[in-house]
1. Assigning unit charges at the beta carbon (Lys, Arg +1; Asp, Glu -1) and nothing else, what dipole magnitude in debye, to the nearest 20, does the protein assembly as shown show about its Cα centre?
2. Student exercise: in the protein assembly as shown, how many lysine pairs 8 or more apart or on different chains have Cα atoms under 17 Å apart?
3. Relative contact order, percent, of the range B:2-217 when contacts are C-alpha pairs under 8 Å separated by at least 6 residues?
4. For chain A, what does the relative contact order come out to in percent, with C-alpha contacts under 8 Å and a separation of six or more?
5. Within a 10 angstrom radius of the beta carbon, how do A:172, A:51, B:195 rank from fewest other beta carbons to most?
6. Which of rounded, prolate, oblate describes the protein assembly as shown, given a ≥ b ≥ c as roots of the alpha-carbon gyration tensor eigenvalues and a/c under 1.5 marking rounded, otherwise prolate only if a/b is larger than b/c?
7. State the dimensionless ratio Rg/Rh of the range A:33-117 (Rg: radius of gyration of Cα atoms; Rh: Kirkwood radius).
8. Inside 10 Å of the C-beta atoms of A:150-156, what's the mean count of C-beta atoms belonging to other chains?
Amino acid sequence: MASLWQYANPQKFLAVSRAVLPFVAGGAAICLVVGLVWGFFFTPDDYKQGSTVKIIYLHVPAALMAINAWLMMLVASLIWLVRRHHVSALAAKAAAPIGITMTVIALVTGAIWGEPMWGTYWAWDPRLTSFLILFLFYLGYSALWQAIESPDAAADLTSVLCMVGSVFAILSRYAVNFWNQGLHQGASLSLDKEENVSDVFYLPLLVCIAGFILLFVALVLLRTQTEIRQRQLKALEARERMA
Amino acid sequence: MIALFWRDMRLAMRAGGGFGLGLSFFLILTVLVPFGVGPQSEILSVIAPGILWVGALLACLLSLDRIFALDFEDGSLDLLATAPIPLEGVVAMKAAAHWVTTGLPLVIAAPVLGVLLHLEGGAVRWLILGLIIGTPALSMIGAFGAGLTVGLKRGGLLMSLLVLPLYVPTLIFGAEVVKRGALGMEVQGVILILSAITLAVWALLPFAAAAALRINLR
Amino acid sequence: MPDLGKYADAVLSSYAVTIVLLVALIGHSVWRGRRVRRQLAEIQARNGK
């Protein structure tokens, strides 16, 4: 009986991910090019925000992926702690740099967008502040991976950190909400139609989000492959030294 | 477990750094701030709660590596891990000893330093109350960070990076207590949240810290 | 090229920053993947696998 867990075998994962990767990467490229070109060249300016509304196609997907990357790391860490699948731990490790990049993109595009709209690059707004805290969590997580030599201990400790960090990240989110009122607008995407951005911007935004998600998946697959090979490489090198 | 608590206390005292070091750091920080921002009392009294809270945070952070590092080096942590008391209890006791040697002196010193920063009289008791409730959480979170990094040679800097983001909620609510207290606003809700954070941290983090220690002792 | 009006700098710079960061991330992932794969192939060849 085929089960999801068979992909926890590193060789099986390598084979499958190698087969899947070109399609995911291709899909990501297509969605990103279509979404960004559509958004950049063929959407009107917003009556209030002018042409800066075009930044939404970068800002919102990046912010979304910054949070989802952490969620994915949390799930992967839990799988590692419960079922001890090495691929899972390595996938969490592989996702962290991508999450960092997405967080930086969200922060920087937000700052550039904030300057003409709010008259300031940075405000201690709850959303902005929690993203900065999220960024610090990512930095700590990556630093811990790099600092520990034993791969299993590193995987265990980072997983524990990821779980504790998630709780504190949520706590911080509510704490900063309490601490300051925001400039940031509400959710751009929600099930409540009233809140949404208008349709002209909505469709290209969805395409861009799909592109960012596919890009994230493609990069995680690629980086996890690299981590698995790196692990094999280390093992073979160690064996050579012993011989 | 109680014996362990007193052992840690005695060790901290005998090392000399126990009460003194964190406290001196706290003092120096409060002395340096007016040099940085100027001696105007109206500015200082506004930022005083924040400075004192951040100072407490940093003073607490400075002494964290002491919680496990020495016992890890001389092997007594291995003995404690195999001892008949649960490792979670060991963690909690060590965090408690850390709080008594660093957190408690800070609480006592804070009003004096508040005078240096022109903290208003009404705010002082809220500052003390907030520190009493909040600093135990700092010690426990710190014990978790120390547990994660105990096996590392240069763990100090890494530990600050790991621990400081975890201090954010405590800091926010702790400073909020003083701010609201000084303005005469309703404080009970904030104090309750702050207590909830501390209690939750003490209830849950010993398990995470003990898990991290077991991994490091493997 | 659409007319971006007075916000041209903001829009263009955010696109530039994003594209640079994404390309750097992709480039680094691909480069490291290739390097590790090559080293692994070398060592496997050496060990006669």
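1. My answer is approximately 1900 debye.
2. Details: A:48/C:6; A:54/C:6; A:93/A:234; A:234/C:49.
Summing the qualifying lysine pairs gives 4.
3. On the way: 255 pairs, mean separation 58.5, N = 216.
Result for the range B:2-217 is 27 percent.
4. Numbers: 266 pairs, mean separation 79.1, N = 243.
Reported as a whole number, the value is 33 percent.
5. Neighbour counts put them in this order, fewest first: B:195, A:51, A:172.
6. Working: a/c = 2.36, a/b = 1.19, b/c = 1.98.
It comes out oblate by the Cα gyration axes.
7. Details: Rg = 17.0 Å, Rh = 14.6 Å.
With Rg and the Kirkwood Rh in hand, the quotient comes to 1.17.
8. Details: counts 4, 0, 2, 6, 1, 1, 6.
Across the residues of A:150-156, the mean count of other-chain Cβ atoms within 10 Å is 3.
A short reminder: the numbers here are calculations on the coordinates, not readings from a lab. These numbers were taken from a predicted model, which means no experiment stands behind them. Quick reminder, even Gly has a Cβ in these numbers, built from the backbone with ideal geometry, and neighbours come from all protein chains shown.
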